[in-house]
Amino acid sequence: MLSRLFPSKDMETPEDILTRAGFNGSEFRYSDSNGRSMRGPCPKCGGTRRLLVFIDNPLPFWNYVCDLCGFKGRQLEGVPVEEVGMRIPGTRERPDYSVAIEALNASAEWIDYHLALKEENREWLRGRGIPDEYQNRWTLGYVERKPFLHGGKIYHSPAYSIPKVGHDLVLRNIDYRLTNPVEGAGKYRGETGLPPAVFIANPGHIELNRAFIVEGAFKAMVLFIYLQENGWSDTQVIGLPGISSPLWKEHIWEYAESFVMLDPDFPERTKAIARETGSRPVYLPVKVDDAILAGMSWSSFEAVIRNSDL
Ligand SMILES: [Zn+2]
């Protein structure tokens with residue numbers, strides 16, 4: 001019934017939808033072989049293909065930008081709204097992890113890890129920019145002998161545990177930050193048998209006005225605390241599990257305004273996600289947690305944020 005009242009874009013062509021939104025839809029042509037974007041005339045300054053529209057985002061979030069005059073927007077007006085979160089471009093049916101997730105939640109191991117925090121562990125976390133109240137809020141923990149695989153062999157290392165909770169407050173995965181990995185092994189591990197999950201700094205709160213997308217749980221935590229302390233309390237922070245993780249797609253649309261701030265080594269990735277979603281790219285010269293720990297002033301951070309643009 002809903003679909004009859006609000007026809008989905010499966011029933012209308014992208015050209016129809018662009019026309020509805022006030023563009024000259026019939027003039028638009030696909031601009032990539034995957035059908036993810038189209039080009040056509042700019043409503044402001046004309047031309048034939050200078051306006052780029054990303055059409056694989058959920059409606060109305062087909063963001064657009066004119067190469068010539070800079071006319072741009074994050075969403076179309078007057079088009080049917082797709083239920084955000086129902087359709088994630090490029091994803092297929094996922095394997096069912098419900099049993100593994102149930103087991104993870106039932107094990108309550110992360111609570112044992114949290115209770116095992118000793119003063120020296122709390123001090124280590126403070127040194128990473130996470131005061132005790134936030135260590136408790138996120139149930140951060142410590143495990144003396146975390147087994148991990150490297151090159152087909154099992155090793156052990158002490159590790160800090162970072163539970164990752166969904167907006168439904170169900171635990172999705174746990175990150176382990178190994179403090180003594182063997183040579184050549186990565187510092188971070190997830191739970192075996194579960195897919196990578198994002199770290200949501202304020203789970204259960206999609207009503208917040210804006211979001212930052214960063215890479216990694218520690219950066220997300222340190223940035224979240226910094227924003228809270230400086231009065232940006234209606235701000236969500238999402239930590240991606242890896243630089244190439246596509247999981248931002250499941251979160252970025254929930255917030256009216258979003259900023260993408262991946263590590264300085266990956267400006268192209270930041271730019272691509274921002275361009276595709278109409279988010280604002282933020283380029284800091286150093287990793288955000290390092291900048292904050294080094295005492296970056298709010299006014300200098302705010303200046304970078306306010307100047308962020310495509
Ligand atoms: Zn233009």
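Bear in mind that the values in this text are calculations on the coordinates, not laboratory data. What you are looking at is a predicted structure, and each value in this text was computed from that prediction instead of being measured. Cβ coordinates were reconstructed from backbone atoms using ideal geometry, including for glycine residues, and neighbour counts include every protein chain displayed.
At a glance:
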item	result
222 nm mean residue ellipticity, helices alone, for the chain (DSSP H n ≥ 4; -39,500 (n - 2.57); rounded to 500)	-7500 deg cm²/dmol
Degrees separating the helix 98-107 axis from the principal Cα axis of the chain, which is the longest one	30 degrees
Normalised contact order of the chain, rounded percent, pairs of Cα under 8 Å and 6 or more residues apart	10 percent
Other-chain or far-sequence residues with amide H under 5 Å of Arg50's (modelled H)	Gly40, Cys42
Farthest toward positive dipole pole in the chain [+1 Lys/Arg, -1 Asp/Glu at C-beta], among Val198, Gly141, Ala103	Val198
Percent antiparallel among DSSP beta bridges (both partners in the chain, rounded to 5)	70 percent
Reachable aspartates and glutamates, given that their alpha-carbon falls under 17 Å from the alpha-carbon of Lys118 and they are not under 8 places away in the same chain	Glu109, Asp132, Glu133, Glu144
Cut-off 12 Å between beta-carbons: net charge of the residues surrounding Val288, Lys and Arg +1, Asp and Glu -1	-2
Geometric extent, Cα atoms of segment 108-189 - Rg, Dmax (angstrom)	13.0, 39
Charge dipole (debye, nearest 20) of the chain; +1 at Cβ of Lys and Arg, -1 at Cβ of Asp and Glu	680 debye
Peptides 180-188, 216-224, 35-43 ordered by average Cβ neighbours within 10 Å, highest first	216-224, 35-43, 180-188
Proximal lysines to Lys72, defined as alpha-carbon separation beneath 18 angstrom and excluding residues fewer than eight positions away on the same chain	Lys44, Lys271
Whole-number Å³ per residue for the convex hull built on Cα positions in segment 2-73	82 Å³
Relative contact order, percent, segment 108-189 [alpha-carbon distance under 8 Å, six or more residues apart]	22 percent
